[in-house]
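So the structure is just underneath, and the comments pick up after that.
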Amino acid sequence: MSKEWIDLGNFSKSEGSALTITIPVSVIADRSLATLESVVEYLKEVQNLSYHQIAELLQRDDRTVWTVYSRAKKKRNKLSVSSEEKVRGEHGK
């Protein structure tokens, strides 16, 4: 039986309340992004965590998390544009 979720552990979302974060393995299975980029993107977009919360959880600097997220978005946009160009090219033939 394969493990479908990764447990990132507990962290405090606000004073006094602990939150356990798990992410689906499928998030990091997508090799179009680096592992850290995929995890940060998931935590930001799906879990709706702030850059600071993600930084605390991953034990990284806030600026590093912001940079990683920005890089992931750029890669996603580049992949999206590339896919659209490929579709247009196929329809133009």
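The values are calculated or read from the model by the stated rules, or taken from the named source; none is laboratory data. Fair warning: this is a prediction, and the values are worked out from it, not measured in the lab. Note: ideal-geometry Cβ built from the backbone for every residue, glycine included; neighbour counts use all protein chains shown.
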- Query: Quick one: would you say E41 is at pLDDT 90 or above, of a type in the set (D, E, K, R) and within 10 Å of the chain's Cα centre (by Cα)?
  - Reply: yes
- Task: Hey, can you tell me all the residues within the stretch 39-59 that are outside any helix (DSSP H, G or I) and either in contact (Cβ under 8 Å) with a residue 24 or more places away in the chain or buried (at least 19 other Cβ atoms within 10 Å of the Cβ) (or both)?
- Result: Q47, L49
- Could you list, in sequence order, all residues of the stretch 24-38 that are surrounded by fewer than 19 Cβ atoms within 10 Å (Cβ to Cβ), among the hydroxyl-bearing types (S, T, Y) and closer than 16 Å to L79 by Cβ? S32
- Note on the structure: The condition of being at pLDDT 75 or above and exposed (fewer than 15 other Cβ atoms within 10 Å of the Cβ) holds, among K93, K74, K86, only for K74
